[in-house]
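K.L.:
Sending over a structure as structure tokens; questions will come in a sec.
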Amino acid sequence: MHLQSLLSRLFPRSFSAKLLAVAFVGIHVPLLLLIVWLVGLAELDPHERWTVFAVVLCATLLGTAGTLAVMFRMLGPLRAAADALDVYYAEQRLPLLPEQGEDELGRLLRGINRSLRGIDAGLRDARRHALLDPLTESLNRRGCEQALGNSVIAAGHEGWPFTLFVLDMDNLKPINDRHGHAAGDAVLVRLVETAYGWLGPQDWIGRWGGDEFLIGVHAPEDEATLKLNQWLSMLETPDEQQAPVYASAGSAAHRPGEDAASLYRRADAAMYRAKFSGGRRLVRDGFEDPDTQAPLPA
């Protein structure tokens, strides 16, 4: 430990330098002893003494240089491992360290690769679950905020049409009261599962809170509205296992330059107009035509 402390003070940032210094000293201590021995020999004349000394010195220096070069190359995987850890923690980019060999270094590199892959998988899973509603496995409120922001950016930069729906269930409480909360939970799960049947790969649905959902559709408002009405009509059809689902919905189409908060406020206000008009209908922001506010077909 004392040697390690001394070397750490001399070479605080490089383990390679510590190891090479030890090798250098270890190789040259015998040379120093030989020099002392030669100086003390009286039998050798000065010329012979210096000849032997020069030969031994050159051989030792050449051997030292070769040894240190080989050791430096052998330490390359350790330096790569240290750099890979720094890169991963800075950029979350998985390294591909060499795993050949059954010695301590090979086992160390394989362990680092396995550990980083496990950490990375755990982080991805944690990030994914941090954005999902545990019951419905749709986006949660934070996930909705992120998805809405991304959709608005895409609509602004790429010119994609984007329609936001705010959906509030009208009859979840009666279902809970009559059939129990397990039945109400099943209705929420069914709502999300059936939505994924018509949403596109860039579209999304999320539970904003309680029985309120946000749905983002990258399509023109007329097309998106048609799909949503068809879906809500399907949900209203009762079957032997599921109670009918009634909902009030409001929609708003993204306007150039509009931010996510403004888009949400317009869609939310339209939803409340649908709610206060008797529910079971879709109201589109900016439309006052009765057809756009009619109850959904039973």
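K.L.:
Tell me which of these R9 doesn't satisfy, since it passes every other one: (1) open to solvent by less than 70 Å² (accessible area, probe 1.4 Å); (2) closer than 30 Å to P77 by Cβ; (3) out of contact with any helix residue (DSSP H, G or I) (no Cβ under 9 Å at 6 or more places or on another chain); (4) at pLDDT 75 or above.
P.N.:
(1)
K.L.:
Still on this structure, I have one more. Could you check the stretch 163-182 and list, in sequence order, the residues that are within 36 Å of the chain's Cα centre (by Cα) and over 21 Å from R273 (Cβ atoms)?
P.N.:
H181, A182
K.L.:
While we're on this one: Of everything in the stretch 135-164, what is assigned to a strand (DSSP E or B) and within 13 Å of F213 (Cα to Cα)? Give them in sequence order.
P.N.:
Matches in the stretch 135-164: L139, L164.
K.L.:
Right, something else. Return the total of residues in the stretch 243-267 being closer than 25 Å to A186 by Cα and open to solvent by less than 50 Å² (accessible area, probe 1.4 Å).
P.N.:
So the count comes out to 7.
Every residue, every condition in (1) at pLDDT below 70; (2) part of a helix (DSSP H, G or I); (3) open to solvent by less than 60 Å² (accessible area, probe 1.4 Å), yes or no:
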position: R13; (1), (2), (3): no, no, no
position: A21; (1), (2), (3): no, yes, yes
position: I27; (1), (2), (3): no, yes, yes
position: L33; (1), (2), (3): no, yes, no
position: V39; (1), (2), (3): yes, yes, no
position: L44; (1), (2), (3): yes, no, yes
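K.L.:
Might you let me know whether the stretch 168-175 holds any residue that is more than 17 Å from C144 (Cα to Cα), touching a Gly at 6+ places or on another chain (Cβ under 9 Å) and open to solvent by 40 Å² or more (accessible area, probe 1.4 Å)?
P.N.:
Within the stretch 168-175, one or more residues are more than 17 Å from C144 (Cα to Cα), touching a Gly at 6+ places or on another chain (Cβ under 9 Å) and open to solvent by 40 Å² or more (accessible area, probe 1.4 Å).
K.L.:
A follow-up question, please. Could you grab me the full set of residues in the stretch 98-122 that are modelled with pLDDT under 80 and within 18 Å of the chain's Cα centre (by Cα)?
P.N.:
Listed by number, the residues that qualify are I119, D120, A121, G122.
K.L.:
Over 23 Å from D177 (Cα atoms) and at pLDDT 90 or above: which single residue out of R255, R280 fits that description?
P.N.:
Sole residue among the options that is over 23 Å from D177 (Cα atoms) and at pLDDT 90 or above: R255.
Listed here are the residues, each with its yes/no results for (1) more than 34 Å from the chain's Cα centre (by Cα); (2) farther than 21 Å from T163 by Cβ; (3) modelled with pLDDT of 95 or more.
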site	(1), (2), (3)
A186	no, yes, no
Q202	no, no, no
I205	no, no, yes
D222	yes, no, no
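K.L.:
Please indicate, with yes or no, whether at least one residue in the stretch 203-218 is over 21 Å from A274 (Cα atoms), in contact (Cβ under 8 Å) with a residue 24 or more places away in the chain and out of contact with any Leu (no Cβ under 9 Å at 6 or more places or on another chain). Give the steps one after another, and end with the answer.
P.N.:
Let us first name the residues in the stretch 203-218 that are over 21 Å from A274 (Cα atoms), namely 203-204, 218.
So of that shortlist, the ones also in contact (Cβ under 8 Å) with a residue 24 or more places away in the chain come out as 204, 218.
Add one more test, that the residue is out of contact with any Leu (no Cβ under 9 Å at 6 or more places or on another chain), and what stays is 218.
Yes, there is a match, as at least one residue in the stretch 203-218 is over 21 Å from A274 (Cα atoms), in contact (Cβ under 8 Å) with a residue 24 or more places away in the chain and out of contact with any Leu (no Cβ under 9 Å at 6 or more places or on another chain).
K.L.:
Pairs only if they're at least six apart or on different chains, beta carbon under 8 angstrom, first in the stretch 79-92 and under 11 Å from I119 (Cβ atoms), second open to solvent by 50 Å² or more (accessible area, probe 1.4 Å); list them, first residue then second.
P.N.:
That search, which allows pairs on different chains as well, returns Y88/L94; Q92/L123.
K.L.:
If I go through the stretch 123-153 residue by residue, how many of them are among the small types (G, A, S), within 17 Å of the chain's Cα centre (by Cα) and over 23 Å from L191 (Cβ atoms)?
P.N.:
Qualifying residue count, the stretch 123-153: 1.
K.L.:
Looking at (1) outside any helix (DSSP H, G or I); (2) without any contact (Cβ under 8 Å) to a residue 40 or more places away in the chain, which one does L167 not meet, given that it meets all the others?
P.N.:
The one condition L167 does not meet is (2).
The values are calculated or read from the model by the stated rules, or taken from the named source; none is laboratory data. Since we're looking at a predicted model, the values are computed, not measured. In this analysis, Cβ positions are derived from the backbone assuming ideal geometry, glycine residues included, and neighbour counts consider all displayed protein chains. Remember, those area values only see protein heavy atoms, side chains included, never the ligands or the DNA or RNA. Shrake-Rupley method; radii C 1.70, N 1.55, O 1.52, S 1.80 Å.
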